Structure formats: C-alpha cells, structure tokens
1. Is there any pair linking a residue in segment 166-188 that is among the polar types (S, T, N, Q) to one that is outside any helix (DSSP H, G or I), with Cβ under 8 Å and at least six apart or on different chains, and which?
2. Do the conditions hold for L246, that is, is it at pLDDT below 95, touching a Gly at 6+ places or on another chain (Cβ under 8 Å) and under 24 Å from R148 (Cα atoms)?
Amino acid sequence: MVDGWQACAAIVEKGDPVRFASAMAAPVAARARLFPLYAFNVEVARAPWVTQEPMIAEMRLQWWRDALAEIAAGGLVRRHEVVTPLALVLPPEHAQMLDETVDARRWDIGRAPFEDAADFDSYIDQTSGHLMWAAAAMLGAVNEGAVRDYAYGVGVAQFLVAVPELEARGRIPLVDGRPEGVQALAEAALARLRRGRAEGVARAARPALWAGWQAEAVLRQVVADPRRVAEGTLGLSEFHKRAGLLWRSLFGLI
C-alpha cells in the first residue's frame, strides 16, 4: 500500500469532488495509486488561479516541474504531502510526460486565446489526456489510443462547463464561440469519447476512466443546445450523477 495516499485523498475531496467520487468507487488498492496523481492535478490546476501575479503563478508551476524532474531522475525527491507518495506510484517516463501537463497550465495564467483548434486540442490532450493515461497505465491499461480518445471527450466536456467562469476571469476560452462552432466541438469530442469506449481498456484499469462518467451526458446537452455553454446550465442532477457512477462501479463499465 502507498504511504500518504490518505492525505492526498483529502486534497482531492476538497479540490476535485468528481475525481474524488470516482476514485472512492474504485478498489482500495487502486485508490492508493489514483489519489496521489489526482492530488497532483489539483495542485497544478489551481496554481495559476491562487494569485493575481503572473510571476508568482509561474513560480508555482515551476516548483511542480522541478518536483517531476526529481521523480523522473529516480533519485532523492523532496518531502511533500503530494510529491512523496506520487514518487512511489509514478514511473519516470510518466513524470516526464506530466511535465507537459504543468507547462500547458501556463495558458491559464495569461489572457491570450488559443492560437487555433490544434492549439486547443493540444491543451486538452496535455491536461486531460496525460492525466487519464497516467492513471490508466498505473492500473494496467495498455491501449493508450483508446484512453486518450476517451480523455479528449472528458476534457472538452469539463472545459465547456468551465467556459462561463473562464470568461468571467477575463479569458477567451473558445476558438470558435459561435453556437455552431461550439456544437461542432462537442460533436467531435463525443465521437472520440465513444470511440475510446468502444475500443475499451482492461477491466482493472477502468476506474481511471470513471472520472469522466458525466462527460457524455454533458456533450449531448451541448450538441442539442450549444447555448447552454454560455448560459452555464450544463450538468446532471445529483440523482443522475450518483446513479451513473454507481452503475459503472457495480458492473465495471466505462
């Protein structure tokens, strides 16, 4: 069992309730591996938002890049409530991969829009894709393409839910904010999510994908009415949230 994972679970419970619920639905041995990774994601994702000073935000992200470099090097790693248990579960090559995740979060610091659709897709893959693949690989997944397709759909769904908040904070989140552009993005994301599910992953690794249990419903809402993104009305009822996760955990579904 991984020492220190309970403290990571507390961080995730407070900072990322969706991933907390999905990890708690997993077997205990899987939780011990998922929670350090998810706690890392909480800390990195919020780093750009805890200060109004871009330089301080950059320094916070660099701290995590340095920590990942220590894990990748395989030597001594700084003592920290997240870094220490993360080093016990994260392979060096995935520490190098997650360095791109931290670097991608620099977009959250500034106010420049994405350059184009490819730039946006890269952001989604380096954040949602890298995280979900690292989680799935920890649990034995080998079909990286399927995981990344599914993760793209999840990442886009989560991003679309966040659009009103991003705009309120002065960001320009969408490459094409017209209703037809938003609808096309959701359709493409939904297609990739379904393709990833159809290709499948090993049953033992499926808890790593449960963090996206609400994504398909959200994307279908956007396809049906893309105005819901700007209105901030995306999401499921509490009953459907709980029922969807319970169904997956009981039957080992994605």
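1. These pairs meet every condition: Q183/P226.
2. no
Condition check ((1) modelled with pLDDT under 95; (2) touching a Phe, Trp or Tyr at 6+ places or on another chain (Cβ under 8 Å); (3) surrounded by fewer than 22 Cβ atoms within 10 Å (Cβ to Cβ)) across all residues:
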| residue | (1), (2), (3) |
| --- | --- |
| A117 | no, no, yes |
| D125 | no, yes, yes |
| M138 | no, no, yes |
| A151 | no, yes, no |
| V175 | no, yes, yes |
| A188 | no, no, yes |
| A191 | no, no, yes |
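The values are calculated or read from the model by the stated rules, or taken from the named source; none is laboratory data. What you see is a predicted model, and the numbers here were worked out from it, not measured in a lab. Note that each Cβ is placed from the backbone with ideal geometry, even for glycine, and that neighbours are counted across all protein chains shown.
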